[in-house]
Amino acid sequence: MQPLIEILEEDPAADRAMLEAIADWCDRYTPLVALDGDDGLFLDITGCAHLFGGEQAMLDDVLARFGQQGFDARGAVASTPGAAWAAARHANGRIVEPGGEAELIAPLPLVALRLEAGVASGLESVGLRVAGALMSAPRAPLARRFGRTVTLRLDQALGLVPEPVSPRLCPPLLSVERRFFDPISLISDIEELTPALARQLQGDLERRGEGARHLELQLFRVDGEVSRIAVLSSQPLRDPRLLGRLFREKLAAVSTSIDPGYGFDLVRLAVLAASPFDATQARLDATEPDKSGDMTLFADRVRARLGVHAIARVRPVASHLPERAATLCAAPAIGVAPSMPDRERPLRLLEQAEAVDVAAAEIPDGPPGRFRWRNVSYQVVGAEGPERIEPEWWRAAGAERPRDYFRVEDDAGRRFWLYREGRYGAPDAAPRWYMQGMFA
């Protein structure tokens, strides 16, 4: 009957992603934004409305911007989430003054109280068709027959029972923003703006005695898209110049993935995590400046450009076998290196020990005189050892055999770390030789 109607398959995942994207965009009004079902949002605007000229002006701005983006939206402002929900969906949207919740919901149908369809139908079957009828009905029979949800929803709408809004994102500790009448779209403009925003944050951080460790740059596009760019710092920072360097590296790495579209009309810099900032006094007789801060900043800039896994550090593991004694992990901070065994170990350890062919040793338990590794023969001219490493007792008995390690040097001056697994004359199996690593 209507050939121009375009029919599409339902895609709940895409609808959810769209609603979350809209919620991200609503962060421009308040950081406390929560999802409401499949087609709604709750915004806690306490303390925010005056920034937009009052509640009515704020509501008009929200709905107007949604209309410009192609959405058909309705909204309302009330002192309770239940009253705001009822006014937006069943009263054509309005500003509900504090204390006017009962007058608002009294003539509305029961579904305006966010009751399930089955519960609402049961109430209607006994003559309770509007919310006002519930207010005057005895509560005990209602609770016994229809459950406590009926009275709970009524009390939440009237403000008798608190109903906090649980935001989908953690609110930032501090934030500053800049709005533009003419949207900006160049990455260079954002790079110049970031230190200026960091300078506004500096005073607040100084008053709190803290430095930023995790910051996020939020770019609000005029058509509703939001880009978030985060940087991490190994040490507390509040110097705008240093923060600007970190974001410059990050922007250089993600510039190709940022689509400015018609431009960004709002840029916000938020502090998501901070820690105490301890000011230190430099010694007047210091001959060498402390370079640890420069190294830390360098590491932060590398991670901002290449990712958090670009720099790794060695972390000790509770094992005395060389291949298990340490592991590489992402280095969130640059500081004092963890203590490692003080035994002499090669500069390079093979990820997996490789088998070598060894000629008969001069004595059964001595080092090899010649060995072949990766199809190359090596003549041993010097050796140190052995260093005995027994199997780990907490593992399955007999799964591993003892090792005797030797540091050997060939006739070309190359030094290797070999080990013999097992003992000569042992009843289980003949010993085998392996290459574990190479010295410098």
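The values are calculated or read from the model by the stated rules, or taken from the named source; none is laboratory data. These figures come from a predicted structure and were not determined experimentally. Cβ coordinates were reconstructed from backbone atoms using ideal geometry, including for glycine residues, and neighbour counts include every protein chain displayed.
What are the residues in the range 14-40 that are on the phi < 0 side of the Ramachandran plot and either more than 22 Å from the chain's Cα centre (by Cα) or assigned by TED's automatic domain parsing to the domain that holds F264 (or both), if any?
If the condition is that a residue be on the phi < 0 side of the Ramachandran plot and either more than 22 Å from the chain's Cα centre (by Cα) or assigned by TED's automatic domain parsing to the domain that holds F264 (or both), then A14, D15, Y29, D36, D38, D39, G40 are the ones that fit.
Mind checking which residues of the range 62-87 are of a type outside the set (D, E, K, R), surrounded by fewer than 17 Cβ atoms within 10 Å (Cβ to Cβ) and over 22 Å from E101 (Cβ atoms)?
A64, G67, Q68, Q69, G70, F71
Could you pull out the residue among D223, D204 that is assigned to a loop (DSSP other than H, G, I, E, B) and not small (G, A, S)?
Exactly one residue qualifies, and that residue is D223.
Can you name the residue in the range 227-280 that is of a type in the set (D, E, K, R) and in a helix (DSSP H, G or I) and, of all such residues, is farthest from S188 (Cα to Cα)?
Among them, the one singled out is R241.
What residue, among those in the range 51-95 that are of a type in the set (V, I, T) and outside any loop (DSSP other than H, G, I, E, B), is nearest to D39 (Cα to Cα)?
Out of the qualifying residues, it is V62.
Quick one: which of A198, A212 is more than 30 Å from L41 (Cα to Cα) and in a helix (DSSP H, G or I)?
Checking each option against the conditions leaves just A198.
Consider S166 carefully, then state whether it is without any contact (Cβ under 8 Å) to a residue 60 or more places away in the chain, within 28 Å of Q218 (Cβ to Cβ) and among the hydroxyl-bearing types (S, T, Y).
No.
So how many residues does the range 96-115 have that are out of contact with any Phe, Trp or Tyr (no Cβ under 8 Å at 6 or more places or on another chain), surrounded by 14 or more Cβ atoms within 10 Å (Cβ to Cβ) and not in a helix (DSSP H, G or I)?
6
Answer yes or no as to whether R313 is basic (K, R), at pLDDT below 80 and surrounded by 11 or more Cβ atoms within 10 Å (Cβ to Cβ).
Taking the combined requirement at face value, the residue satisfies it.
Among residues belonging to the range 222-246 that are under 16 Å from the mean Cα position of the chain (by Cα) and of a type in the set (A, V, I, L, M), point out the one that is farthest from W25 (Cα to Cα).
L232
Okay, residues lined up against (1) surrounded by 15 or more Cβ atoms within 10 Å (Cβ to Cβ); (2) within 30 Å of Y29 (Cα to Cα); (3) among the charged types (D, E, K, R); (4) within 35 Å of the chain's Cα centre (by Cα):
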site: R89; (1), (2), (3), (4): yes, yes, yes, yes
site: G93; (1), (2), (3), (4): yes, yes, no, no
site: A131; (1), (2), (3), (4): yes, no, no, no
site: P141; (1), (2), (3), (4): no, no, no, no
site: V150; (1), (2), (3), (4): yes, no, no, no
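Here is a yes/no grid of residues against (1) modelled with pLDDT under 80; (2) assigned by TED's automatic domain parsing to the domain that holds Y405; (3) surrounded by 14 or more Cβ atoms within 10 Å (Cβ to Cβ); (4) within 23 Å of the chain's Cα centre (by Cα):
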{"position": "A286", "(1), (2), (3), (4)": "yes, no, no, no"}
{"position": "M295", "(1), (2), (3), (4)": "yes, no, no, no"}
{"position": "D300", "(1), (2), (3), (4)": "no, no, yes, yes"}
{"position": "H320", "(1), (2), (3), (4)": "no, no, no, no"}
{"position": "L328", "(1), (2), (3), (4)": "yes, no, no, yes"}
{"position": "G335", "(1), (2), (3), (4)": "yes, no, no, yes"}
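Restricting the search to the range 349-380, which residues are surrounded by fewer than 16 Cβ atoms within 10 Å (Cβ to Cβ), in contact with a strand residue (DSSP E or B) (Cβ under 6 Å, 6 or more places away or on another chain) and of a type in the set (V, I, T)?
Scanning the range 349-380 gives no hits.
May I ask you to list the residues in the range 377-420 that are in contact with a Lys or Arg (Cβ under 7 Å, 6 or more places away or on another chain), within 23 Å of V317 (Cα to Cα) and of a type in the set (S, T, Y)?
Within the range 377-420, just Y419 meets the criteria.
Can you name the number of the only condition in (1) aromatic (F, W, Y); (2) touching a strand residue (DSSP E or B) at 6+ places or on another chain (Cβ under 7 Å); (3) in a helix (DSSP H, G or I) that F42 fails?
Going through (1) aromatic (F, W, Y); (2) touching a strand residue (DSSP E or B) at 6+ places or on another chain (Cβ under 7 Å); (3) in a helix (DSSP H, G or I) one by one, F42 breaks only (3).
Would you confirm whether any residue within the range 173-189 is surrounded by 14 or more Cβ atoms within 10 Å (Cβ to Cβ), part of a helix (DSSP H, G or I) and either aromatic (F, W, Y) or at negative phi (or both)?
Yes - at least one qualifying residue is present in the range 173-189.
Exactly one condition in (1) touching a strand residue (DSSP E or B) at 6+ places or on another chain (Cβ under 6 Å); (2) within 15 Å of A88 (Cβ to Cβ) is false for A23; which is it?
Of everything listed in (1) touching a strand residue (DSSP E or B) at 6+ places or on another chain (Cβ under 6 Å); (2) within 15 Å of A88 (Cβ to Cβ), A23 misses just condition (2).
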